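*Asks:* The structure that follows is given in the form of structure tokens.
The values are calculated or read from the model by the stated rules, or taken from the named source; none is laboratory data. Owing to the predicted nature of the structure, the values given are computational and were not obtained by experimental measurement. Here Cβ is always computed from backbone atoms with ideal geometry, including for glycine, and neighbour counts include all displayed protein chains. For accessibility, only protein heavy atoms count, side chains too; no ligands or nucleic acids. Shrake-Rupley method; radii C 1.70, N 1.55, O 1.52, S 1.80 Å.
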Amino acid sequence: MSVETGFLFSGPRVEMPPSEILPVADASAVRNSRKRKGPRSTQLAARGEPYVWLMGSGLAIATLMILGLLFLVFYNGISTFWPKRIVEFTLIDGAKILGEVIRSERYQVSPSELAGMSAESRIRITASGGWSRRYLVRTGNYDLYGDDFKWVVESQIAGRALPLNVWLIERMEWGRAVGRLQKLTRDNIPLTRNSDEFYRIFSEVHGVAIDSKKKIARLQDKIGALNYALENSRLAVRKASLKYGDESTQHKAVAEAAAREESRLTKDFERLQAEIASIRSEDGRFRAYVFDAAGTLIPERPSSPVTPMLVSQIVRAYPANTLTLLKRIQVYLSRWVEFLTTEPREANTEGGVLPAIFGTFMMTLIMSLVVAPFGIIAALYLREYARQGTLVSAVRIAVNNLAGVPSIVFGVFGLGFFCYVIGGRLDMLFFPEKLPAPTFGTGGILWASLTLALLTVPVVIVATEEALAAVPRSMREGSYACGASKWQTIWRIVLPRATPGIMTGIILAMARGAGEVAPLMLTGVVKLAPELPFDSHFPFFHLNRSFMHLGFHIFDVGFQSRNSEAGKPMVFTTTLLLIALVALLNIVAIRLRSRLIKRFKVAHF
Amino acid sequence: MNNTQIVDESPVTLFGPIAIPGKQEPVSKTAQTCTDPEVLREKPVLEIEHFDLWYGTTQALFDVTMPIPSGKVTALIGPSGCGKSTLIRSVNRLNDLIDGVRYAGDMRLNGDTIYSPRVDVIELRKRMGMVFQKSNPFPMSIYENVIYSLRIDGENRKNVLDETVERCLKSAALWDEAKDRLDESALELSGGQQQRLCIARAIAADPEVLLMDEPCSALDPIATAKVEELIFSLRGEYTVLIVTHNMQQAARVSDFTAFMYLGRLLEYGPTKTLFVNPSLKQTEDYMTGRFG
């Protein structure tokens, strides 16, 4: 067979064998080579199974670590508020200790301690190699003992009991009290003699006390508003003096008005104070006689002549060993409610974390609102408009490196640039009457959010760039072919299509930002913020105010408080809350993204 | 025309060099002689004149001269990498988006020059429609897809938009299937429907010429038949320039056919003439499937 090979061109034609035109695969050769080796199996390495195992175990280890951490936080966080039973330990020397057993551990007994023990226990401990067990007991009554906890050594214990009339009392101040409730009195007259009725009577009396506490809180809010108005009128005077001079008629008019206002406000203030005082004195009639394990009366306050504690001092009290399961659950839930909805007490180790939740939430929100547009705009220019070259590569590398800068450095920058430079200027321009007290010229939620936005902007830029690059070229070309300009193509086609990817970046940035603490310590987070950044006074959002943050709260309670052991359960609970908050923010964002993805899902191809 | 160039450089295209059996011979036909006089009798909408194009240093189009007759379907055929797509993308200057593209020569759309620095490319593209190889509906509703070119012109009058959607979807034979789901995402349509939607979108702005770059290559035979029927029905109303790999398709839908090879226009004439009685050996070999 001969084929014309020069068919492409009209030049001279050359005869060629067919195989040179179309290489024919010689199937028989392949078959023969297989046959020669006979039956065999694929090598293990070629099948790739060891790599699968390797990858699988890597994933397993990572998952285990994450789950372990989550379990630790979850277990400790969940169990913190459960009302435990109160154990009464009777020691060999006759002393009695009342308290919740927090944990137990084995420990190596020191020789001097061993020498002081009875012969019997010395022999037992020596036999077990010098090891013994001890229990950490939360005794409460900080005002009496100077500590909330006591270690009880096993060998010292003579007996254990669950006494019935033991109450655990959470107080407004001085932490928990643990002791026997002997009587409840009104004006020194006992309300009940029968201890079975204590719970019912106490609930009644305490309910009244809580109502009056709410009344006081409402009155104090009013006083706060008065103070606010007073402050405003003083600022108006100062403003007038700055603007017109001290001797001017305007200043005098404003000052007179302010004086009138002040006298009126002072009258209101006194009236409110009197009201509060009357409520307090009414509260003072109800007292609870509680005695600790040794039989000492737990006083109203340590320095006072021994007066029994006020019922209005009590946040929550329950007979720990006679509580039914239902009541126990009630106590547990009420503690959660308190934790989530009230302000902290007792150097943050008691009470709630509402301001911290609010601060974290608001800061993350402001940060996202700032970081999203900035990151997207920067990424758009980098990817769509900038001529790809050395300069753009350098910028890209710089952006990526920014993510590796220690976060505290961002904090320093935020403090120096946002708070002092920008905030200082703003104060001089808009709030001269308040100087030298700074308004924006100090740490605040706005500056903290901006600092975190700066910290997380690389994440958004990188994710957005990836998302933009992943928009199919065919879509852009389709848009251009319809006569769209570059901007119209970006705005109508590229950005919507890239939104899920951009959302991923924002989610990552939010998670990073919500968990960051170090830069916040310099730019506006405080241990205890008296005012939320949001209230009923115009303009409602006070972005200059300092705020509380769950991450910082964890650090503060766990490591900075006078009694970190007492705060430890709170650390876990706060951690759980922070994780839950970040998870919540993420879930919202992820759901938003999946809805977008559904919109862009390609049904075919 | 410098014929030695092709001998010096391997015929590299966008898709890499192509292996050609036998030694390359210079092509002696000039652009004028390869065009059938019957084409020249028609009134042209688009005139491509001595058009050369380079990707970097590689020349992809060589001195293409080609009038596109008004109201007819003109098919561009040729082996992979011969420059068909490059040529059709040059018409609406989509190649501008690729870095390092240079060109010489000119094209004219109804007498207006296309390749001049003073031309507003965006306005120019609005006078043409284009359908791509792979359907590329935008990530929005069917309705918004069709009126995309009107939206970007700032057209917001509801009655105008409604009327356009109905007209275009009817022209694109998609109205019956899509009229009840205009607000659904266009991405939920089937492949063939998506491509017809793209055609509807391309004709929404009443283009002077409709460019189709292998519109059926990603479709199954049934969807292909529908799109072909549609192209056939568009003749007279619209001027269509279609690139295709499928010879039968070219034969079925087009009035005129141009055969391109290695960046050159080798033969251009009425489809019937080209298929039944090609004047070049290469054309015949390609048509009969002996290479390509």
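*Asks:* Any idea how many residues of segment A:553-592 are of a type in the set (K, R) and touching a Gly at 6+ places or on another chain (Cβ under 9 Å)?
*Replies:* Count: 1.
*Asks:* Can you spot a residue in segment A:137-148 that is open to solvent by 60 Å² or more (accessible area, probe 1.4 Å), charged (D, E, K, R) and more than 34 Å from the chain's Cα centre (by Cα)?
*Replies:* no
*Asks:* Now for a separate question. Taking B:R290, is it modelled with pLDDT under 85, open to solvent by 50 Å² or more (accessible area, probe 1.4 Å), farther than 17 Å from B:S85 by Cβ and not in a strand (DSSP E or B)?
*Replies:* Numbers: modelled with pLDDT under 85: yes; open to solvent by 50 Å² or more (accessible area, probe 1.4 Å): yes; farther than 17 Å from B:S85 by Cβ: yes; not in a strand (DSSP E or B): yes.
Criteria met by B:R290.
*Asks:* From the list B:L230, B:L274, exactly one residue is out of contact with any Phe, Trp or Tyr (no Cβ under 8 Å at 6 or more places or on another chain), touching a residue at least 12 places away in the same chain (Cβ under 8 Å), assigned to a helix (DSSP H, G or I) and more than 12 Å from chain A (Cβ to nearest Cβ). Which is it?
*Replies:* Unique residue meeting the criteria: B:L230.
*Asks:* Here's something else I'd like to know. Looking at A:E270, A:E338, A:E261, A:E282 in this structure, which one is in a helix (DSSP H, G or I), farther than 27 Å from A:F81 by Cα and modelled with pLDDT of 85 or more?
*Replies:* Within the list A:E270, A:E338, A:E261, A:E282, the selection yields A:E270.
*Asks:* Within the bounds of segment A:68-90, is there any residue that is at pLDDT 75 or above and surrounded by fewer than 10 Cβ atoms within 10 Å (Cβ to Cβ)?
*Replies:* Checked segment A:68-90: no residue is at pLDDT 75 or above and surrounded by fewer than 10 Cβ atoms within 10 Å (Cβ to Cβ).
*Asks:* Quick check on segment B:94-121: of everything there that is touching a strand residue (DSSP E or B) at 6+ places or on another chain (Cβ under 9 Å) and part of a loop (DSSP other than H, G, I, E, B), which residue is nearest to the other protein chains (Cβ to nearest Cβ)?
*Replies:* That would be B:I98.
*Asks:* Another question, if that's okay. Based on this model, can you work out whether B:L262 counts as under 19 Å from B:L87 (Cα atoms), over 16 Å from the mean Cα position of the chain (by Cα) and buried (at least 18 other Cβ atoms within 10 Å of the Cβ)?
*Replies:* yes
*Asks:* Which of the following residues is among the aliphatic types (A, V, I, L, M), buried (at least 20 other Cβ atoms within 10 Å of the Cβ), under 19 Å from A:A481 (Cβ atoms) and touching an Asp or Glu at 6+ places or on another chain (Cβ under 9 Å): B:I147, B:I199, B:I231?
*Replies:* B:I147
*Asks:* List the helices (runs of 4 or more DSSP H) inside segment A:423-482, counting only whole elements, that have at least 2 residues being within 18 Å of A:G501 (Cα to Cα) and either open to solvent by 50 Å² or more (accessible area, probe 1.4 Å) or not assigned by TED's automatic domain parsing to the domain that holds A:V526 (or both).
*Replies:* Values: elements: A:424-430, A:445-469, A:473-481.
Fully inside segment A:423-482 and qualifying: A:445-469.
*Asks:* Right, something else. Filter segment B:172-194 down to residues that are more than 9 Å from chain A (Cβ to nearest Cβ) and in contact with a strand residue (DSSP E or B) (Cβ under 7 Å, 6 or more places away or on another chain) and give me whichever is least open to solvent (accessible area, probe 1.4 Å).
*Replies:* B:A186
*Asks:* Could I ask something else about it? Can you name every residue in segment A:483-512 that is within 10 Å of chain B (Cβ to nearest Cβ), hydroxyl-bearing (S, T, Y) and open to solvent by 10 Å² or more (accessible area, probe 1.4 Å)?
*Replies:* Within segment A:483-512, A:S485, A:T499 qualify.
*Asks:* Report whether or not B:D153 is surrounded by fewer than 14 Cβ atoms within 10 Å (Cβ to Cβ) and within 12 Å of chain A (Cβ to nearest Cβ). Don't jump to the end; show me each part of the working.
*Replies:* On the way: surrounded by fewer than 14 Cβ atoms within 10 Å (Cβ to Cβ): no; within 12 Å of chain A (Cβ to nearest Cβ): yes.
For B:D153, the condition - surrounded by fewer than 14 Cβ atoms within 10 Å (Cβ to Cβ) and within 12 Å of chain A (Cβ to nearest Cβ) - is not met.
*Asks:* If you don't mind, another one. Within segment B:132-139, identify whether any single residue is crowded, with 20+ Cβ neighbours inside 10 Å, within 11 Å of chain A (Cβ to nearest Cβ), touching a residue at least 40 places away in the same chain (Cβ under 8 Å) and in contact with a Pro (Cβ under 6 Å, 6 or more places away or on another chain), and answer yes or no.
*Replies:* For segment B:132-139, residues crowded, with 20+ Cβ neighbours inside 10 Å, within 11 Å of chain A (Cβ to nearest Cβ), touching a residue at least 40 places away in the same chain (Cβ under 8 Å) and in contact with a Pro (Cβ under 6 Å, 6 or more places away or on another chain): present.
*Asks:* Sticking with this one: Any residue that is among the hydroxyl-bearing types (S, T, Y), free of Cβ contacts under 8 Å to residues at least 60 places away in the same chain and not in a loop (DSSP other than H, G, I, E, B) - is there at least one of those in segment B:213-225?
*Replies:* Among the residues of segment B:213-225, at least one is among the hydroxyl-bearing types (S, T, Y), free of Cβ contacts under 8 Å to residues at least 60 places away in the same chain and not in a loop (DSSP other than H, G, I, E, B), which makes the answer yes.
*Asks:* Next question, about the same structure. Out of segment A:118-134, which residues are under 22 Å from A:F149 (Cβ atoms) and open to solvent by less than 40 Å² (accessible area, probe 1.4 Å)?
*Replies:* The answer is A:S132, and nothing else.
*Asks:* Give me a count of the residues in segment B:82-93 that are under 16 Å from B:V209 (Cα atoms), more than 14 Å from chain A (Cβ to nearest Cβ) and not in a helix (DSSP H, G or I).
*Replies:* The number of residues fulfilling the criteria is 0.
*Asks:* A follow-up question, please. Would segment A:220-229 turn up any residue that is of a type in the set (A, V, I, L, M) and closer than 30 Å to A:D147 by Cα? Let's see the steps before the verdict.
*Replies:* The first filter runs over segment A:220-229 and keeps only residues of a type in the set (A, V, I, L, M), leaving A:223, A:225-226, A:229.
Of the ones still in play, those that are also closer than 30 Å to A:D147 by Cα are none.
Checking segment A:220-229: not a single residue is of a type in the set (A, V, I, L, M) and closer than 30 Å to A:D147 by Cα.
*Asks:* Additional query: Those residues that are within 11 Å of the chain's Cα centre (by Cα) and either open to solvent by 20 Å² or more (accessible area, probe 1.4 Å) or basic (K, R) (or both), I need them from segment A:534-577; list them, please.
*Replies:* Restricting attention to segment A:534-577, the residues satisfying the condition of being within 11 Å of the chain's Cα centre (by Cα) are A:548-555, A:571-577.
Selection gives A:F552, A:I554, A:F555, A:V571, A:F572, A:T575, A:L576, A:L577.
*Asks:* From the residues in segment A:177-207 that are open to solvent by 20 Å² or more (accessible area, probe 1.4 Å) and modelled with pLDDT of 85 or more, which one is farthest from A:R271 (Cα to Cα)?
*Replies:* A:R180
*Asks:* Is it the case that some residue within segment A:275-287 is open to solvent by less than 60 Å² (accessible area, probe 1.4 Å), more than 22 Å from A:D221 (Cβ to Cβ) and in contact with a Phe, Trp or Tyr (Cβ under 7 Å, 6 or more places away or on another chain)?
*Replies:* No.
*Asks:* Just to be sure, is A:T324 closer than 30 Å to A:A518 by Cβ, open to solvent by 60 Å² or more (accessible area, probe 1.4 Å) and among the hydroxyl-bearing types (S, T, Y)? Steps first, answer last, please.
*Replies:* Details: closer than 30 Å to A:A518 by Cβ: no; open to solvent by 60 Å² or more (accessible area, probe 1.4 Å): yes; among the hydroxyl-bearing types (S, T, Y): yes.
No, not satisfied.
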